Structures are given as structure tokens and as C-alpha cells.
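Accompanying notes for the structure given below.
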Amino acid sequence: AWRHATERPVTVQALVRALPELQGDQIARWLDAGQGAPVSRAVMVLEAVLNDAPRAEVPALVLADATLAQALGWDHIVPLLAAGLKRHDMRKRGGDLRSACHRALVSSAVEAVRLSTDLARRAAHLKAVAPKLRAKGAEAAVAMFLTQDAVAPAALPLPDRSARRLCDRLVDLGAVRELTGRDTFRLYGV
């Protein structure tokens with residue numbers, strides 16, 4: 001749900017694709033529930049969704065982060081509330097929930113900035129290393145590494161052996177990391 005929610009600009013249609021169990025008019029009604037400052041709007045949407053559907057925590061967080069993104073003028077959702085709120089925070093209401101959301105935003109924003117700085121540095125290094133790669137599908141493989149969280153060598157547009165060798169070369173150059181720590185099944189990512 002989060003991958004679908006974050007890959008397109010925030011619209012009701014995009015949210016319907018990300019949350020197929022919900023109807024478009026229901027999503028629009030919940031998104032209109034928030035008024036005021038950005039965090040207040042997100043809290044109102046979160047409360048409205050959880051009051052109507054107490055077990056719909058993921059849709060509630062997606063819609064709250066979508067409301068926050070809209071209120072801040074962002075095109076895409078950034079899962080700040082979802083990353084910072086704890087499970088017990090989801091049971092709070094009113095001022096307690098508002099305080100929990102403010103704390104969640106502060107902690108997750110700091111982590112998001114740290115993570116984005118690290119990913120930007122790693123992506124720049126991968127782009128700098130790309131001209132050194134001689135494999136025929138290396139350019140498409142680099143594009144996959146830059147757009148996906150994790151890539152299996154079998155998913156690369158290369159023959160199996162070439163894909164594994166390319167991944168090993170990228171690890172040797174420090175451009176990607178092996179994420180699983182296993183010998184039989186490996187995933188690589190920036």
C-alpha cells in the first residue's frame with residue numbers, strides 16, 4: 001500500500017489504487033475531515049478514519065500522511081507519521097493524539113533527513129561508478145538500483161551469470177550493498 005501511495009502525486013485516484021479496499025468517495029470524505037494547520041488536519045483525518053474503522057490503521061496512516069503532504073504543498077506522500085507513531089499512539093484521541101503526532105513528526109523528520117542525505121550520497125556514487133561498467137545492460141541495471149529499494153540479480157536485464165558478476169562488481173566498487181547476508185539468495189540495493 002505504501003509503495004503505491006508514494007509513487008504517484010497525492011490524488012484521490014492514486015489513493016484508491018493504493019488502498020483498493022476503500023471507496024473513492026469515502027477517501028475524499030476522510031481527506032476533507034481535517035481543518036486548520038497541517039498537523040491538526042492530519043490528526044483530524046487520522047481520528048476520523050480510526051473512529052469509522054478502528055482496525056484500519058494502515059489506511060488511516062496513509063491518509064493522514066497524504067493530508068499532511070497536501071497541507072504542506074508537497075506533491076508526494078512522505079510517510080512521516082507512519083514512521084514515527086507507535087502502536088499505542090494509535091489508540092489515543094484528541095490532544096493526546098495531537099501531541100503524539102507532533103513528537104512522531106519531529107523524530108521521523110530527523111531520521112528522514114539523515115536517510116535522504118545518505119541515499120543521495122550513495123546514489124551519486126553509483127552514478128559516478130556507472131561509466132566504469134562494461135556490461136551491455138549495465139545502464140538499465142543502474143537505473144533499477146536507483147529506483148527500487150532492493151534488486152535481485154535475476155530481475156536485472158542481463159543473463160544470470162552476468163547479473164551476478166555485475167552485482168559483485170558494484171559491491172567491490174562500493175556502489176551497492178548486499179542486503180540479505182545469505183549465500184543462496186541475495187538482494188542488492190543502494
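Here is how the numbers come out for the structure above:
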{"read-out": "Solvent-accessible heavy-atom area per residue, rounded to whole Å², over segment 1-154 at 1.4 Å", "value": "56 Å²"}
{"read-out": "Exposure ranking of GLU111, GLU47, GLU139 by accessible area [1.4 Å probe, largest first]", "value": "GLU139, GLU111, GLU47"}
{"read-out": "Cβ charges +1 (Lys, Arg) and -1 (Asp, Glu), total dipole of segment 1-116, debye", "value": "320 debye"}
{"read-out": "Dipole of segment 133-189 [Lys/Arg +1, Asp/Glu -1 at C-beta], most positive-end residue of PHE145, PRO159, PHE185", "value": "PRO159"}
{"read-out": "Check: segment 32-190 dipole with +1 on Lys, Arg Cβ and -1 on Asp, Glu Cβ, in debye", "value": "560 debye"}
{"read-out": "Relative contact order for the chain, counting Cα pairs under 8 Å that sit 6 or more residues apart, in percent", "value": "13 percent"}
{"read-out": "Prolate/oblate/rounded call for segment 133-189, Cα gyration tensor, a/c under 1.5 rounded", "value": "rounded"}
{"read-out": "Per-selection metrics, segment 85-135 (Cα): Rg and Dmax in Å", "value": "18.9, 59"}
{"read-out": "FRET E, pair GLN148, ASP75, Förster distance 22 Å, beta-carbon r, rounded to 0.05", "value": "0.60"}
{"read-out": "Student exercise, segment 133-189 dipole from Lys, Arg, Asp, Glu Cβ charges, in Debye to nearest 20", "value": "180 debye"}
{"read-out": "Binned Cα-Cα distance frequencies in segment 1-116 - 10 Å width, integer %", "value": "15, 52, 30, 2"}
{"read-out": "Cleavage-rule hits (trypsin sites (Lys or Arg not before Pro)) in segment 22-78: DSSP loop, at most 12 neighbouring Cβ within 10 angstrom", "value": "ARG55"}
{"read-out": "Theoretical gain in end-to-end length, GLU111 to ARG91 [0.36 nm per residue, Cα-Cα removed]", "value": "4.8 nm"}
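The values are calculated or read from the model by the stated rules, or taken from the named source; none is laboratory data. All values reported here derive from a predicted model rather than from experimental measurement. Note: ideal-geometry Cβ built from the backbone for every residue, glycine included; neighbour counts use all protein chains shown. Quick note on the areas: whole protein, heavy atoms, side chains included, nothing else; ligands and nucleic acids left out. Shrake-Rupley method; radii C 1.70, N 1.55, O 1.52, S 1.80 Å.
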